[in-house]
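Down below is the structure, laid out as structure tokens.
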Amino acid sequence: MADSQRRFVPAKKIPTDYPLIDSDPHFKRVLRYARPSDYAVGAATFAFGPALMLLWEKISPSYVGRGGFAPIMRLTCAVSAGAGFLIHYQRSILRFYGFTENKREVDMDMREMVDKVKKGEPLYGTSTLSPYMQGAASRNSRYSGLFLHVLPWFNFVNHDQHGVDTAKYYQQAERELEAEQSGRNP
């Protein structure tokens, strides 16, 4: 079977209360669309681990000696930093899936994609991978943000399989271009 015949498996539509922006957003895009509240929750999650260790040490000292507590605190900080990042990332990616309120992200997505259409750029970037490998990457990371607590898996591949109809971006770009032309030529 040829690669082009096997490359596209449509994304499953999951019923949500909010519109789907992207079923497989790129890692950088998820970070770019994060809200300040996501950063705050991530920072609070990070701070919780070391604070809890210090509290436990104060309440019930371990008596490990001068050099015994520092490695434990370093490990606690590393684990807490990972947990803080994952909670930050998950809060942001759930908005892409439409599971939480995403009006701001829908507007940002429309603006970003319409600007790319106007410039003649590919919507989701260019890739050096074959279409088949792009499809495989998409199938492996689609909705992976739902299982971050089990296996952190991120999309680092540019591909065109995101589970949304891209015609809306082109239609909006046409409307904006017509409005710009009619504004210049009354």
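The values are calculated or read from the model by the stated rules, or taken from the named source; none is laboratory data. Here the structure is a predicted model, which is why all the values come from computation and not from measurement. Every residue, glycine among them, receives a Cβ derived from its backbone with ideal geometry; neighbour counts consider all protein chains shown. These accessible areas exclude ligands, DNA and RNA; they are computed on the full protein's heavy atoms, side chains included. Shrake-Rupley method; radii C 1.70, N 1.55, O 1.52, S 1.80 Å.
The single condition among (1) over 16 Å from the mean Cα position of the chain (by Cα); (2) modelled with pLDDT of 95 or more that Thr126 does not meet is (2). Regarding the stretch 82-103, can at least one residue be identified that is assigned to a helix (DSSP H, G or I) and more than 19 Å from Val30 (Cα to Cα)? No: the stretch 82-103 contains no residue that is assigned to a helix (DSSP H, G or I) and more than 19 Å from Val30 (Cα to Cα). In the stretch 1-52, the qualifying residues are those that are of a type in the set (Gly, Ala, Ser) and within 18 Å of Arg91 (Cα to Cα), and the one that is modelled with the lowest pLDDT is Ser23.
Any residue at all in the stretch 7-14 that's of a type in the set (Gly, Ala, Ser), in a helix (DSSP H, G or I) and in contact (Cβ under 8 Å) with a residue 60 or more places away in the chain? Checked the stretch 7-14: no residue is of a type in the set (Gly, Ala, Ser), in a helix (DSSP H, G or I) and in contact (Cβ under 8 Å) with a residue 60 or more places away in the chain. Within the stretch 149-186, being outside any loop (DSSP other than H, G, I, E, B), loosely packed, with under 15 Cβ neighbours inside 10 Å and of a type in the set (A, V, I, L, M, F, W, C) holds for Ala167, Leu177, Ala179.
Scanning the stretch 46-55 for residues that are in contact (Cβ under 8 Å) with a residue 24 or more places away in the chain and either closer than 22 Å to Asn155 by Cα or open to solvent by 50 Å² or more (accessible area, probe 1.4 Å) (or both) yields Phe46, Ala47, Phe48.
Considering only residues in the stretch 86-136 that are open to solvent by 10 Å² or more (accessible area, probe 1.4 Å) and of a type in the set (Val, Ile, Thr), the one that is nearest to Tyr18 (Cα to Cα) turns out to be Thr100. Can you find even one residue in the stretch 11-20 that is of a type in the set (Gly, Ala, Ser) and over 20 Å from His149 (Cα atoms)? Yes, the stretch 11-20 has at least one match. Applying the condition of being touching an Asp or Glu at 6+ places or on another chain (Cβ under 9 Å) and assigned to a loop (DSSP other than H, G, I, E, B) to the stretch 25-45 and asking which residue is most open to solvent (accessible area, probe 1.4 Å) yields Arg35.
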